[in-house]
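These notes concern the structure reproduced below.
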Amino acid sequence: MDSFSKWIAPGLRMGFISGPKPILTKLAQGAPPGMNVAAFMQVMLHSMLSAWGGAGLERHLGELQLAYRHRCAVALAAMDEHLTGVAEWRAPQTGMFVWVRLPVVSSLALMDELKRAKVAVVPGAFFASDPEGSKSPFVRLSFAYATDDDIKEGIRRLGALLRAGAPAASSAWNLWGLL
């Protein structure tokens, strides 16, 4: 199984399954028509992939990889400049996100501050399957479609917020000796 959302269009909730025909037949028998994906989007995607062909798809994927690699480098350089000493992260090996550990018990506690600072991140709690997930100190930063300047400015704002101590969320701070 795979999704087109990471390499055709973020948010495109359309994917595909490959496997032995008997298994796919059984899966299709239990699936509703279109599986809640607009028929128009299915036709557009099919037309686009048909027009591209295999070589065009490979070209698109190569261009996308270069763009993501560049934006990731921009994000990591901005993080080195603005988040060193106030957050932890690892350079991603693939994808279009960087996971950042903030010096808080729960990144959810900072969401109002982040919104006021116009910093768009997704709290790690949104990806947790356990009840303790709401206490996740992580946020996910996307560099997929932001401009270089927007990436730098967003990370600068995040760093400024963390260095200021996010006063409205002061009870959430778990000072690991980082601030």
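Where a number appears in this text, it was derived from the coordinates with a stated rule and is not lab data. Owing to the predicted nature of the structure, the values given are computational and were not obtained by experimental measurement. Cβ coordinates were reconstructed from backbone atoms using ideal geometry, including for glycine residues, and neighbour counts include every protein chain displayed.
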When only alpha-carbon atoms count, how far does segment 64-172 stretch along each of its three principal axes, as whole angstroms with the largest first?
-> 40, 31, 22
Residue-averaged [θ]222 nm for the chain, counting only DSSP H segments that reach four residues, each worth -39500 (n - 2.57) = -14500 deg cm²/dmol
Which residue fluctuates the most in the chain, going by a Gaussian network model with Cα springs under 10 Å, if the choices are 48, 79, 96?
-> 48
GNM on the chain, C-alpha springs below 10 Å: top fluctuator among 76, 45, 114?
-> 45
Under 24 Å from the Cα of residue 135, which lysines turn up, not counting those fewer than eight places away in the same chain?
-> 115, 118
Length gained when the stretch residue 67-residue 163 is fully extended (0.36 nm per residue, less Cα-Cα span) | 31.5 nm
Work out the length of the dipole vector of the chain about its Cα centre, built from +1 on the beta-carbon of each Lys and Arg and -1 on the beta-carbon of each Asp and Glu, and round it to the nearest 20 debye.
-> 220
Report the residue, chosen from 123, 92, 103, that carries the largest GNM mean-square fluctuation when the chain is represented by alpha-carbon nodes joined by springs under 10 Å.
-> 92
What are the lysines whose alpha-carbon lies under 28 Å from the alpha-carbon of residue 21, with same-chain residues fewer than 8 places away excluded?
-> 6
Additional length obtainable on full extension of the chain from residue 94 to residue 59, 0.36 nm per residue less Cα span | 10.8 nm
Which of 127, 16, 143, 138 has the fewest Cβ neighbours within 10 Å, and the rest in rising order | 16, 127, 138, 143
Positive-end residue of 136, 68, 86, charge dipole of the chain with Cβ unit charges | 136
Cβ-based charge dipole, the chain, positive-most Cα from 42, 124, 57 = 42
